[in-house]
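Structure first, commentary second.
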Amino acid sequence: MSLTVGDIISLDIGTIANGGHFIARHNDQIIFVRHSITGERANVKITAVNSKFAFGDAVEILKKSKDRVNAPCKYAHPEGCGGCDFQHIDIKTQLNFKKIVIQDQFKRIAKIDINPDLISADSNSGLNWRSRLNLGISENKKLGLRSHKSNKIIEIDECLISLKEINKLDVFSKHWKNNDNIKISCSSENDITISHLGGKISGSDKLKEVVGDNKFNISPQSFWQSHKSAPGIILEQVLKFANIKKGERVCDLYGGVGLFTLPISKIIGENGEVHLIETNRTCIDDANEMFADLKNIFIHHGTVEQKLGSIKKIDTIILDPPRNGISKQVINQMIEKKPHTIVYVSCNPSTLARDTKILLNNKYELTNVVGLDLFPMTHHVECVTSFTKK
């Protein structure tokens, strides 16, 4: 009998899958289950069905895993807030599951075995790290976060993974007049800006971010990593793997406001070049303003597909693309440029493994893989990899 939405069935929970689900089977059908843990038996409520798979929530745990804990957040439960996936899992076990996901994606897609180190940005509670928070407005005109794979707004009075400075704001007790998102941004210097539809409600026009000895002034609408420690951790790994030398020519693809560009410009010196390519206008405006006096930084506004081809003789390419990875055109352009080093930062192990396979088939060797747990309590994991020309 085929499953339908709303059915409740008892399932044995298997291995973790990419995306915050665990795999179970029922009558030879694969079911992706949230709020569960490998080794558990649970009553699962079916939430969605398609021609290949079904999806469900573990609504009652019949056999508990030793790694199960009580979720610290009162909104982290089936049909609750969809922002966190793993609040019911011990924090150290979350790390292990993320490592398994990375290994599985590389094994299945890139056809290679890897054993990456996993660096945690927060080995303690996994709470109070998020510096950027996008909130929706409910029918009751209160702020909240969306339920998993839904436009339903779950009203909240705090978000435990957000910085304490954000939770102290009075925004959660207010009534809001419209149905558009509210964005709260808190910088490393504790500047807090609240914005709506790209316009500032309160706070500074620019946020001061400090990463090591690098200082940035960025618009609240510009992309910036959400974990308070993430920019420094990612930058350290990128520079370590890239091993950039004085006088080299470097490309920073999907470069945002220039998190990598600025420190690279200090390494390469006045005879080197670093080319930042970014399509977002706000990020480009910030970069142009910050780097106007730096003669070895070249800023290109447009897609990587449009801009990479015009840059000659590239020694190193650094890229940090969106979740869908890079297009065939971009990866072909990269291969044609023959950089001696490629450092690939990815927030999606699946597309990273796909693109890794192409590079391996085109005379590049995978030299480093590290996982970065920059999003505790969620399924998200960042990877930094490096490839060298054979």
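Worth a mention:
- In the stretch 192-203 there is at least one residue matching the filter, namely being on the phi > 0 side of the Ramachandran plot, out of contact with any Lys or Arg (no Cβ under 7 Å at 6 or more places or on another chain) and of a type in the set (A, V, I, L, M).
- Screening the stretch 235-345 for helices (runs of 4 or more DSSP H) wholly inside it with 1 or more residues that are in contact with a Gly (Cβ under 9 Å, 6 or more places away or on another chain), outside the structural domain of T385 (by TED's automatic domain parsing) and at pLDDT 95 or above returns no ranges.
- Restricting attention to the stretch 249-260, the residues that are crowded, with 23+ Cβ neighbours inside 10 Å and out of contact with any Phe, Trp or Tyr (no Cβ under 8 Å at 6 or more places or on another chain) add up to 5.
- Checked against (1) crowded, with 18+ Cβ neighbours inside 10 Å; (2) at pLDDT 95 or above; (3) touching a Lys or Arg at 6+ places or on another chain (Cβ under 8 Å), L127 meets all criteria but (3).
- Residue within the stretch 211-227 that is surrounded by fewer than 22 Cβ atoms within 10 Å (Cβ to Cβ), over 20 Å from the mean Cα position of the chain (by Cα), in a loop (DSSP other than H, G, I, E, B) and not assigned by TED's automatic domain parsing to the domain that holds S327 present: yes
- Tabulated pairs, the stretch 1-14, first within 25 Å of R68 (Cβ to Cβ), second of a type in the set (D, E) and modelled with pLDDT of 95 or more, C-beta under 8 angstrom, 6+ apart or interchain: D12/E40; I13/E40
- Test for T378: is it modelled with pLDDT of 95 or more, among the β-branched types (V, I, T), in a helix (DSSP H, G or I) and out of contact with any strand residue (DSSP E or B) (no Cβ under 8 Å at 6 or more places or on another chain): no
- Of all residues in the stretch 42-60, those that are without any contact (Cβ under 8 Å) to a residue 40 or more places away in the chain and either surrounded by fewer than 18 Cβ atoms within 10 Å (Cβ to Cβ) or in the same structural domain as T351 (by TED's automatic domain parsing) (or both) total 6.
- Failed criterion for A58 (all others in (1) in a strand (DSSP E or B); (2) farther than 13 Å from H88 by Cα hold): (2)
- Test: S204 is assigned to a loop (DSSP other than H, G, I, E, B) and under 15 Å from L262 (Cβ atoms): no
The values are calculated or read from the model by the stated rules, or taken from the named source; none is laboratory data. Nothing here was measured: the structure is a model prediction, and the numbers come from that model. Reconstructed Cβ throughout: ideal geometry from the backbone, glycine too, with neighbour counts over all protein chains shown.
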